[in-house]
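Derivation of every value follows stated rules applied to the coordinates shown; laboratory data play no part. This one's a predicted model, so the numbers in the text were calculated from it and none came from an experiment. FYI the Cβ positions are ideal-geometry reconstructions off the backbone, even for glycines, and counts take in every protein chain you see.
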Amino acid sequence: MMGRLGNSIIQISPLIIIHHSSILIPHSSFLIHHSSLNNSFMAQRFSDNPILITKDIKPSQPGLLVECVLNPGVFQFEGKTWLLLRVAERPLQKEGMVSFPVLRENGSMEILEFDKNDPNVDLSDSRMVGYKDKTYLSTISHLRLVCSDDGVHFYEPEDFPTKIFGQGALETFGIEDSRVSLMDGVYHLTYTQVSENGVGVGLMRTRDWRRFSREGMIIPPHNKDCALFEEKIGEKYYCLHRPSGIDIGGNFIWLASSPDLLHWGGHQCILRTREGWWDSARIGAGAAPIKTTEGWLEIYHGADAQHRYCLGAALLDLKDPSKVLARSNHPIFEPVADYERTGFFGNVVFTNGHLVRGDEITMYYGASDEVICGATLSIHQLLTDLLTSA
């Protein structure tokens, strides 16, 4: 989500003006030559990466182990930077067995266990357990709040409710990958609901992070990666989302509109995978699009056939975000550090949360589906790269 800088216009440099949450950059001011841009220049990783690892997070209950800490939503509240982590847990594994938790509809937890040598058990993907004609997740995820005074060193406050668990029939396999958007003093959490019924998009709302209004599933299966625009365009709210085609179609980014953030329609496919490219297998939205004078800037993830996840950018028209003005020809961020290449599911960088201060995007991301990291990027450089390669 974007940082709020008040209602005044602030002059940051001769090239950049900020108004509200918008970044206003005149096209004529682009002075950086495209050939000077490369991945190391486009993003600067935190020197303290990874900033959160599994050992930093306590299990939600006795008998569970934290296997992964990943893909945080990001926001500011009460003078601090907060991450809304996805925490994936499972029981301590016994020799020759595989076990994992699922939630019952009443909120209690059940542990399922299978013999690894059972021919009906499929463990080919570390994220899943297949048994006969059913597919389960190898872990169950909930959302966990941590905060920081400096944006780098995070802790779980003891005097604050920090755990958000799945509830009901549509969240029995857990809740995942929340994006946080702030509009009119209300934090909106779009997140992934997972159950044997499928994978869909849920919505929660809160003003104080102590009391939540659960609005249920707003986009049905199979769908995820829902990022809200943080202001209306015309008279409508807009979001990016990612349905998954079966047999026909694919894992593409779609745009939808709504009068009330609950009922979505006007669906349009605006970004598709590109055969032979770094984003050939699947793509999905990151955090809320960033408003600039050149258009809505969206950082998105893309994966290839080898399940290597990178980040790219797209620029959407300000008045009609179904129009794609530019798109990254090359990744703006790739898994190259050791902690990004090896882990629970290696060769992955995945973001769904950022803060914007002036020209700088502070991006928080999950690496190798196991740890949390941070990096900074320049809006000016991203727009230069997009517009010179369009």
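Data overview
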read-out: The chain: relative contact order in percent, alpha carbon pairs under 8 Å with at least 6 residues between; value: 18
read-out: Counting DSSP beta bridges with both ends in the range 9-389, the antiparallel % (nearest 5); value: 95
read-out: Charge dipole (debye, nearest 20) of the range 9-389; +1 at Cβ of Lys and Arg, -1 at Cβ of Asp and Glu; value: 460
read-out: Cα-based Rg of the range 155-238 normalised by 2.2 N^0.38 Å, two decimals; value: 1.15
read-out: Between the range 97-128 and the range 235-249, the alpha-carbon center distance in angstrom; value: 30
read-out: Coil-residue chymotrypsin sites (Phe, Trp or Tyr not before Pro) of the range 93-150, DSSP, other Cβ within 10 Å capped at 16; value: none
read-out: GluC sites (Glu not before Pro) within the range 114-203: DSSP coil, no more than 16 neighbouring Cβ in 10 Å; value: GLU158, GLU196
read-out: Karplus-derived 3J(HN,Hα), 6.51/-1.76/1.60, for each residue of the range 130-138, Hz, glycine and proline x; value: x, 9, 6, 9, 10, 10, 10, 8, 6
read-out: Estimated FRET transfer efficiency when R0 is 45 angstrom, pair ILE246-LEU92 (beta carbons, to 0.05); value: 0.80
read-out: Per-residue ³J(HN,Hα) for the range 227-234, Karplus 6.51 cos²θ - 1.76 cosθ + 1.60, θ = phi - 60°, Hz, x for Gly and Pro; value: 10, 8, 5, 8, 7, 5, 10, x
read-out: Ranking of TRP277, TRP296 by count of other Cβ atoms within 10 Å, fewest first; value: TRP277, TRP296
read-out: Most mobile of ASP317, ASP208, ASP369 in a GNM of the chain (Cα contacts under 10 Å); value: ASP208
read-out: Residues ASP225, ASP56, sorted so that the one with the fewest Cβ neighbours within 10 Å comes first; value: ASP56, ASP225
read-out: Under Karplus coefficients 6.51, -1.76 and 1.60, residue-wise ³J(HN,Hα) of the range 191-197 in Hz, glycine/proline x; value: 8, 8, 9, 10, 7, 5, 7
read-out: Furthest towards positive pole of dipole, SER47, ALA288, HIS267, structure part the range 9-389, Cβ charges; value: HIS267
read-out: FRET efficiency, MET128 to ALA305 (Cβ-Cβ, R0 25 Å, nearest 0.05); value: 0.90
read-out: Amide proton proximity set for ALA287, modelled H, under 5 Å, gap of 5+; value: ILE299, GLY353
read-out: Where a label projected 7 Å from the Cα of ARG210 along Cα→Cβ would reach, residues of the range 70-112 with amide N under 14 Å; value: 78
read-out: Lys, Arg +1 and Asp, Glu -1 on Cβ, resulting dipole of the range 199-330 about Cα centre, debye, nearest 20; value: 320
read-out: Value of Rg to Rh for the chain (Rh from inverse mean 1/r over Cα pairs, i.e. Kirkwood); value: 0.95
read-out: Entries in LYS224/LYS319; LYS55/LYS94; LYS132/LYS224; LYS134/LYS291; LYS134/LYS232; LYS55/LYS236 that, when Cα-Cα distance is taken, lie over 32 Å; value: LYS134/LYS291; LYS134/LYS232; LYS55/LYS236
read-out: GluC sites (Glu not before Pro) within the range 79-111: DSSP coil, no more than 13 neighbouring Cβ in 10 Å; value: GLU95, GLU105
read-out: Distant-in-sequence amide H partners of ILE332 (H built 1.01 Å from N, under 5 Å); value: LEU311, GLY312, ALA313
read-out: Principal-axis tilt of helix 379-389 within the chain, Cα atoms, nearest 10 degrees; value: 80
read-out: Theoretical ellipticity at 222 nm over the chain - DSSP helices of four or more residues, -39500 (n - 2.57) apiece, nearest 500; value: -1000 deg cm²/dmol
read-out: Cβ charges +1 (Lys, Arg) and -1 (Asp, Glu), total dipole of the range 252-349, debye; value: 140
read-out: Among VAL348, VAL98, VAL69: highest mean-square fluctuation, GNM of the chain, C-alpha pairs under 10 Å; value: VAL98
read-out: Separation of alpha-carbon centers, the range 58-73 and the range 167-182, rounded to whole Å; value: 15
